[in-house]
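Accompanying notes for the structure given below.
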Amino acid sequence: MKRNVSPLTGLLLILGLLGFSCQKETVNGDWQRDTLATADNSNKAANEKRIYVSNLEELYAAVNNPDNAGSRVILAPGVYVLDAGYPNGGRLELQRDMTLQGQAGEPAAVLIDESSLPASSFQIPSASTGGIRLGRGTNILEWLSVKGVRPGINGFSVIETDLPSSEAFIEISHVHVNVNGNRIGINIRNRLGEHAGRKIYAKLEHNEVFGAVNFFGFGLMAVNINGASNSLIQISMRGNYVYGNKVGFIVNNAAQSSNLLNSRIEITSHADRFEGNGVALDPSGGVNSGSSTVANNNSTYFKIYGTSLRNNNPDGQPQLLPLNGALPGAIYAACGYNSVNSINGYNRVSNNILKMELFGCDISNNNGTDINAYAAWCPPAAVLAGTNNLVDLHLHGVSALATVEAVHSSPAEPAGTNVVSVYRN
């Protein structure tokens, strides 16, 4: 299967300029740490300070006060239209260990509306960012709705996890995200050298993310990028519904302006629904788009249980066609992806791993091949994407009915070190 040179080059160039900012099996200690931290947070919840707000001024006053670190901010029903006249360009930047909560059981009762924010509100000195920013200690967002900027503003992410820290625990649950005019809905991100070695432990549960059709249109994104080497992202997902986006969930370890080395992303999905997107899942091990950078020794692991990957790549909806180089369908898996369209791109993604295990997943009605898998890909002018890039795709139970097209290396690699392995049982 051949593709034209991917627009991903432009994507990574833009994201790199904006500062957009792994080899063995799962490290059990990290997962245990996540579990223990969650239990510890539950014990603290009973004693946390609660702040009740009912209008925009009270919301900003509560969120922007450092003395409210560790508090739970609870919003009364209503619409909160963010205003660039407030501090931080009108963004909501949660204090350390702060929770922002709407009305329990009624996510539609509270709407945080970013649609009046200008493009400048999504810019900080080193990067582009989100209208709601998390990432200090333990930050929780729950039981509310969020709407992105109006089309034409081209805001970055609706929800972002890039607040400065060496370790962050993120929980987003029962949140409805209308991406609207933003480029990304929820962005779980380690960016630039400032996040080198940073660890993010995230839970996404019972959320809806839809309407990401602006620019490259990512509903969800998880990325270590541009100097954020030796970093880790772990995400536990359950009961989310991601639909109507160009790309439902894009996952990668990427280099564009700086090398990206030894970083890792681990994702577990239980009973999620990725339906009606251009492509549902777009995971990579290592991605490079710089002629002097490399993305080496990175890894991405997906374990997916009972998740629906149906009805993606629908006819008659050109607004959902992926523009980042992904082939439409259920899964576009490219372990080593090098988009430099010249001989300067020779051998710039190596020793990366992408492993996906799908158990009892309905992968159907995706208007063509369900899963496209490449161990290594680059434009013909680059000759060789890299070496020793490995895709392991395990399809269990009904998942094994999915149609798969596997390419070891494009262009072909004579040494045969880039390998896609598909297992059905």
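The values are calculated or read from the model by the stated rules, or taken from the named source; none is laboratory data. Just so we're clear, the structure is a prediction, and the values are computed from it rather than from any experiment. Quick reminder, even Gly has a Cβ in these numbers, built from the backbone with ideal geometry, and neighbours come from all protein chains shown. Just the protein is used for accessible areas: all its heavy atoms, side chains included, with ligands, DNA and RNA removed. Shrake-Rupley method; radii C 1.70, N 1.55, O 1.52, S 1.80 Å.
Here ALA108, ALA61 are screened, and the one residue that is assigned to a helix (DSSP H, G or I), open to solvent by 40 Å² or more (accessible area, probe 1.4 Å) and more than 26 Å from ALA168 (Cβ to Cβ) is ALA108. Take the conditions (1) open to solvent by less than 20 Å² (accessible area, probe 1.4 Å); (2) out of contact with any Leu (no Cβ under 6 Å at 6 or more places or on another chain); SER289 misses just one of them, which is (2).
State yes or no: is LEU232 at negative phi and crowded, with 22+ Cβ neighbours inside 10 Å? Answer is no for this residue. Candidates in region 341-369 are the residues that are within 21 Å of the chain's Cα centre (by Cα) and not hydrophobic (A, V, I, L, M, F, W, C); of these, the one that is least open to solvent (accessible area, probe 1.4 Å) is ASN352.
Of the strands (runs of 3 or more DSSP E) entirely within region 141-228, those holding at least 3 residues that are open to solvent by 10 Å² or more (accessible area, probe 1.4 Å) occupy 167-178, 199-205.
Yes/no matrix, rows are residues, columns are (1) of a type in the set (A, V, I, L, M, F, W, C); (2) in contact with a Pro (Cβ under 9 Å, 6 or more places away or on another chain); (3) under 30 Å from GLY152 (Cα atoms):
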residue	(1), (2), (3)
ALA196	yes, no, no
PHE215	yes, no, yes
ILE233	yes, no, no
ARG238	no, no, no
TYR243	no, no, yes
ASN252	no, yes, yes
ARG264	no, no, no
GLY286	no, no, no
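Being of a type in the set (A, V, I, L, M) and over 17 Å from the mean Cα position of the chain (by Cα) holds for only one residue in ALA255, ALA280, ALA295, and it is ALA295.
Can you confirm whether LEU100 is open to solvent by less than 20 Å² (accessible area, probe 1.4 Å), modelled with pLDDT of 95 or more and assigned to a loop (DSSP other than H, G, I, E, B)? I'd like the intermediate steps shown before the answer.
On the way: open to solvent by less than 20 Å² (accessible area, probe 1.4 Å): yes; modelled with pLDDT of 95 or more: yes; assigned to a loop (DSSP other than H, G, I, E, B): no.
It is false that LEU100 is open to solvent by less than 20 Å² (accessible area, probe 1.4 Å), modelled with pLDDT of 95 or more and assigned to a loop (DSSP other than H, G, I, E, B).
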